[in-house]
Every structure is written in structure tokens, then in C-alpha cells.
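Engineer: One structure, pasted below without further comment.
The values are calculated or read from the model by the stated rules, or taken from the named source; none is laboratory data. Note that the structure is a prediction, hence the values are computed from the model and not measured. Using ideal geometry, Cβ is built from the backbone for each residue, glycine included, and neighbour counts are taken over all protein chains shown. Just the protein is used for accessible areas: all its heavy atoms, side chains included, with ligands, DNA and RNA removed. Shrake-Rupley method; radii C 1.70, N 1.55, O 1.52, S 1.80 Å.
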Amino acid sequence: MFRRLASVAALLVCVPLLWSADDYKLGDDSQEKPDVPHGKVTKHTWTSKVFSGTARDYWVYVPSQYDAKKPACVMVFQDGQAYVNPKGQFRAPIVFDNLIHKKEMPATIGIFINPGTFPAQEKGKKGRSNRSFEYDTLSDQYARFLEKEILPEVSKEYNLRQDAEGRAICGISSGGICAFTIAWQRPDLFGKVLSHVGSFTNIRGGDVYPGIIRKTKNKPIRVFLQDGSEDLDNEHGNWPLANQQMAAALKFKGYDYRFEYGHGKHSGNHGGAILPESLRWLWRADK
């Protein structure tokens, strides 16, 4: 009897070794297809006044279906380079191409923005990143940066929708909490949020959100959260617990939300694998 129990225990110990915590794979909608029209991606730079002294790169994706006579939906991505990279974990322009072609999301212009950097003080040194201040701070400053600087600049060339229902915002880690903060602070600007392994922890006070959500009148936003059981646990907090608390608060208040909780680490592997499904859910017509 004891020998049998020992064998079962040994088997259970070995089970986790059969899979890797980040064994997610990109699906068909994340692959470039020769028979699907490809959008155009252009790179730009921007020196900010809202975040005085910072400069950053950003990319604009325009689908082949874009019609200048019709305002296009907009989706903004923090840590833009990670999302726009055609060989990266997300490959957002490729996913956009495929889903727009299949009419599973509207014709959407993507704006992929890197965090700001202060120029180096000495020759040969790297500039100082402003990422945590921009992304983790619970204020409307980043929303103002988008409203007053980036969106008007892109609007000079493209016809963008002005209503929150036609605008979504996305980010990973600190960029994920930034996406939520923008929609929370300014639901008149953005009505859809996609957060990958969002840092709803105490980096700059973001751990207060679940309590605030529970005690605040509902806002007209739709929220998709993704996280994994092997995400970070450090002095700032526990990411899996923080995201579960966010999901519980959104559920308690009756929000239109979805929470995908997997077994991944603090990476974009899981979020990238489910990006097509996330976008289909986020942009669906029904509420």
C-alpha cells in the first residue's frame, strides 16, 4: 500500500516537468499569408511636451482596407516595438491583417509607441528611460500625452474615429496597467482595454485598483486581462494575485470583462498566442 502511494506521489511530482511554463505557440492568425492584403507600417519619432525632455519612437500601421472617407478605429500599444515586431511574440500588424481581412475586427489603425527616454548626459552613455513614470503612475498624464500630442499628430494624415467605442488601448506589464489607467481616467477617449501580465502591483500604487473599482460607479469600458500562474512575485507584489483581484473586482461590478489565466511567466508568450482571440473579443459588436 505504501509502495503504491509512493509511486503515485512520484508521478505527481514529475507531471509539471511535462510542460514548460511558457510553452504557448502562435496560431494560424499570427502567420503572414500571401493571399491576405498587408497593411503599411511607418516609423516616426516624437519629442514630448507633456513628458518634457523625452523623445521616443513610434510606428503607425494602416490596413490596406483604410478608406480616408470613413473614420478608422484606433488601437494604441504601449511598448510599441514589442507589438509591432513581425518576428516577435505578438506580431500585431500580421494579426490585424488577418482579422481585418476576415472581417473579425474593423479596419483599425494601430499606433505603437515606445516609452520616452531622456537624452544621455555624457557621450557614449545610454539615455534614461521614463517608462515606469509614464506607465505606472496613476494619473491622467499619459492620457493627455495621447490626447494632445500623438492622436492629433496621426490625425494629420489619417481619418481617426473620435469616439471611445472606436478606440482601444493595449500594453504589457507596466504598459498593461497604463492601458487600464488611461481608460479608467478617460473613458471618453478609450473604451476598450487589453492588458498582458499587467502590473497591478505597488510599483507606484497600482495595487489599489481592485478596491477603487469596487467602490466607484461603473465606467463604460470593456476589459480583457491576461496573466499566468508563474508570473512575478517580488517586493512590489504578486502579479497573479493582483490580476485575479482585478478580475474579481470587475466581475463584482458587472463589467464587460474577460480574464485568461494560464500557466505562463512574465512574458508575452501567452498574450501573443491568444492575441487574435483577444482582439476578436474586444472588437465584437455585441456587449
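Engineer: Go through Arg214, Arg258 for me and flag whichever is of a type in the set (Lys, Arg), within 16 Å of the chain's Cα centre (by Cα) and not in a loop (DSSP other than H, G, I, E, B).
Structural biologist: Arg258
Engineer: In the list Glu153, Glu122, which residue meets the criterion of being out of contact with any helix residue (DSSP H, G or I) (no Cβ under 6 Å at 6 or more places or on another chain), open to solvent by 40 Å² or more (accessible area, probe 1.4 Å) and part of a loop (DSSP other than H, G, I, E, B)?
Structural biologist: Glu122
Engineer: State whether one or more residues within segment 200-216 are closer than 27 Å to Gln65 by Cβ and touching a residue at least 12 places away in the same chain (Cβ under 8 Å).
Structural biologist: Among the residues of segment 200-216, not one is closer than 27 Å to Gln65 by Cβ and touching a residue at least 12 places away in the same chain (Cβ under 8 Å), which makes the answer no.
Engineer: Among the strands (runs of 3 or more DSSP E) lying completely within segment 1-117, list those that include at least 3 residues that are at pLDDT 95 or above and among the aliphatic types (A, V, I, L, M).
Structural biologist: The strands (runs of 3 or more DSSP E) meeting that bar are 55-62, 73-78, 108-113.
Engineer: Could you tell me which residue of segment 48-74 is farthest from Ser173 (Cα to Cα), considering only residues that are open to solvent by 10 Å² or more (accessible area, probe 1.4 Å) and β-branched (Val, Ile, Thr)?
Structural biologist: Val62
Engineer: Looking only at segment 242-254, decide whether some residue is farther than 29 Å from Lys25 by Cα, in a loop (DSSP other than H, G, I, E, B), among the small types (Gly, Ala, Ser) and open to solvent by 10 Å² or more (accessible area, probe 1.4 Å).
Structural biologist: The answer is yes, given that some residue of segment 242-254 is farther than 29 Å from Lys25 by Cα, in a loop (DSSP other than H, G, I, E, B), among the small types (Gly, Ala, Ser) and open to solvent by 10 Å² or more (accessible area, probe 1.4 Å).
Engineer: What tally of residues in segment 177-211 results from selecting those that are closer than 14 Å to Leu282 by Cβ and either assigned to a helix (DSSP H, G or I) or more than 9 Å from the chain's Cα centre (by Cα) (or both)?
Structural biologist: 6
Engineer: Return yes or no: is Phe77 in contact with a Cys (Cβ under 6 Å, 6 or more places away or on another chain) and either open to solvent by 10 Å² or more (accessible area, probe 1.4 Å) or in contact (Cβ under 8 Å) with a residue 12 or more places away in the chain (or both)?
Structural biologist: Judged against the criteria, Phe77 is a match.
Engineer: Here are the criteria: (1) among the small types (Gly, Ala, Ser); (2) part of a loop (DSSP other than H, G, I, E, B); (3) surrounded by 14 or more Cβ atoms within 10 Å (Cβ to Cβ). Tell me which single one Ala143 does not satisfy.
Structural biologist: Of everything listed in (1) among the small types (Gly, Ala, Ser); (2) part of a loop (DSSP other than H, G, I, E, B); (3) surrounded by 14 or more Cβ atoms within 10 Å (Cβ to Cβ), Ala143 misses just condition (2).
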